[in-house]
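Encoded as structure tokens, the structure appears first; notes follow it.
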Amino acid sequence: MTVLLTNDDGYKSDGLTAARDALLAADLRVVTVAPDGPRSGGSRAATFRRPVRFDLVNDDATNPVYACDGTPVDCVRVALMSDLVPDVKVVVSGINEGANLGDDTTYSSTVGAAVEGALLGVGSIAVSQQSRDRRFRLVDREGYDWDVAGVVTAELALAACAEPLPARTIVNVNVPGSAPENPTRVVRLGRRAYRRGGLEEGRNEHGHGFFTFHVNDEEDPPIHVEPDTDFDALDHGAVALTPLSLAWGEGMPFKEIRSWTEAQASRIDHRLGLAP
């Protein structure tokens, strides 16, 4: 059973290494096609006006690692639209350095790569790890613990190999910054509370105006405090599983992916020792 692994932090990132190690430990074949450097914040950006280069960067013929000079979406397209990675059962994107929650998922390259996999006919999972300080900043300052996210990644990949995700669906996964304190929750995307005045304005030495996003503020960007969201799940120390359907306007695929996701929550809790 072959897993296509990608991410947006680059093929050398600790998160991707943790995901690959966990998948290999679960006896899955892992073909990695990931960017040659960080590509965060690109959503579904793809390359159309130049060739996309990819290079084999390890010596494991069974579980090769390819570095790609394009975007995460390019990585998925290279893998699934060529003969590079045949017979893929599931696409795993991650483990991302930092959570991808709520509205932020729309510009997440981690989620964008998973979306591309689903649109190309392969069920996909995006996995992100909150930093140890358990904050909701747009750019994290603290480090990450990968063990729980690795377990969750492997369990969902195994489940997707045994029972494929419904067509044109993904699961967006966020793991809290410290060991989960509560059972895994199946939740919806939360909402940021963006407002005017959230930018710093300035001028450079040439007189050109510029704006800087306050991604490193001491305060987290505001959110709408609502129950049953991914923000709420992480705030309560629970792994957040968010089923998403790309079958726009069709209700059945979403019902199917939510049912699939709910079935995996108890499986994850069993592995994490959180089952009642």
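Remarks
- Under a Gaussian network description of the chain, with springs only between Cα atoms under 10 Å, the residue in PRO35, PRO51, PRO222 that fluctuates furthest is PRO51.
- The Cα atoms of the stretch 81-191 cover 41, 26, 26 Å along the three principal axes, with the biggest extent listed first.
- Calculated diffusion of the stretch 150-249, Stokes-Einstein form, Kirkwood radius summed over Cα pairs, 4 °C and 1.567 mPa s, µm²/s: 78 µm²/s
- At 0.692 mPa s and 37 °C, Stokes diffusion of the chain via Kirkwood alpha-carbon radius, µm² per second: 174 µm²/s
- When the P(r) of the stretch 1-119 is calculated, the portion above 21 Å amounts to 28% of the C-alpha pairs.
- CD proxy at 222 nm, helix term only [per DSSP H run n ≥ 4: -39500 (n - 2.57); per residue of the chain; nearest 500]: -8500 deg cm²/dmol
- Gaussian network model of the chain, Cα within-10 Å springs - most flexible of GLY177, GLY143, GLY112: GLY143
- Each semi-axis of the equivalent ellipsoid for the stretch 60-146 is √(5λ) with λ an eigenvalue of the Cα gyration tensor; in descending order they amount to 26, 15, 11 Å.
- Intensity falloff of the stretch 150-202 expressed as log10 I(q)/I(0), Debye formula with alpha-carbon point scatterers, at q = 0.29 Å⁻¹: -1.30
- Computed label-point distance, nm, for sites ASP83 and PHE48 using a 7 Å Cα→Cβ extension: 2.8 nm
- For the stretch 115-169, the Stokes-Einstein estimate of translational diffusion at 20 °C and a viscosity of 1.002 mPa s comes to 165 µm²/s, using the Kirkwood hydrodynamic radius over alpha-carbon pairs.
- Taking one quarter of the surface of the convex hull spanned by the alpha-carbon atoms of the stretch 197-276 gives a direction-averaged projected area of 9.8 nm².
No lab work stands behind these numbers, since they all come straight from the coordinates. Remember, predicted model here, so these are calculated numbers, not experimental data. Quick reminder, even Gly has a Cβ in these numbers, built from the backbone with ideal geometry, and neighbours come from all protein chains shown.
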